Every structure is written in structure tokens, then in C-alpha cells.
Amino acid sequence: MCLMDRINQAKCATGMHAGDWRWMAEGACGQTRTCTRCGNVGTRDNHNVTKWAFAGDPGNPRLMERHCERCLSGETKTFDPIRGSGRRSPPRRGRASSRGNGGTMPSF
């Protein structure tokens, strides 16, 4: 075994796998990667989240929301003008994903 093989083996042993991330399904945020060195398969969620914006709800003018542009899952919070932030609500469901999680999204 040459030095480069040992270095690559050490990289994979420490979680530094090689390979390109690929989308699992159209409109879903799940990605998968197969390491080109050791064959390890990894998955991750890669959301494309919008900035917080006021929702425009006349019944709650302090309500803010953001969402993922890919899977449409999102979350809301109530703006606190004194602190400049808000309390978050549970994530809302977006378009169902192919991974069977109903399109829910963890807090970003």
C-alpha cells in the first residue's frame, strides 16, 4: 500500500469522504453522496431558505415567516420590536417529499 492510499484511507476513516452530492428527488432537499474512495453512502438535507419577512397578516402584523424555496417547508415567528427577534412556531408542512417525511423541515 503506497502512502497516498494510506492518506486516502485516513481521510475516509475521519469522515472526509470524496464525491459529489446529488439530489435524491426533484423538489426535495435531501441529497446523497457515494464516496469515490471507500463506497460509503452519506445523506444530508440542503435547504435553500429565504430571509425572514413579515407575513402581511392583518390579524397579526408582527408575524414573520421564511421557507425553503425547494421543498416549500417553512416556519413562522412573532417579531419582538424590543429585542429585534421573535419566538418561533413549530415548522409547517410544505409539499410532500419523496423521502416520506411529509415535507417537514427542522428549524434552520
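The values are calculated or read from the model by the stated rules, or taken from the named source; none is laboratory data. As the structure is a computational prediction, the values presented were derived from the model and not from experiment. Heads up, the Cβs are rebuilt from the backbone with ideal geometry, glycines too, and the neighbour counts pull from every protein chain shown.
Is there a residue being closer than 27 Å to Ser73 by Cα and among the basic types (Lys, Arg) anywhere in segment 6-21?
Among the residues of segment 6-21, not one is closer than 27 Å to Ser73 by Cα and among the basic types (Lys, Arg), which makes the answer no.
Is it the case that Arg70 is within 22 Å of Asn8 (Cα to Cα) and either in contact with a Ser or Thr (Cβ under 7 Å, 6 or more places away or on another chain) or crowded, with 16+ Cβ neighbours inside 10 Å (or both)?
No.
Among the residues that make up segment 72-79, is at least one of them modelled with pLDDT of 95 or more, outside any loop (DSSP other than H, G, I, E, B), of a type in the set (Ser, Thr, Tyr) and under 25 Å from the mean Cα position of the chain (by Cα)?
No, there is no match, as no residue in segment 72-79 is modelled with pLDDT of 95 or more, outside any loop (DSSP other than H, G, I, E, B), of a type in the set (Ser, Thr, Tyr) and under 25 Å from the mean Cα position of the chain (by Cα).
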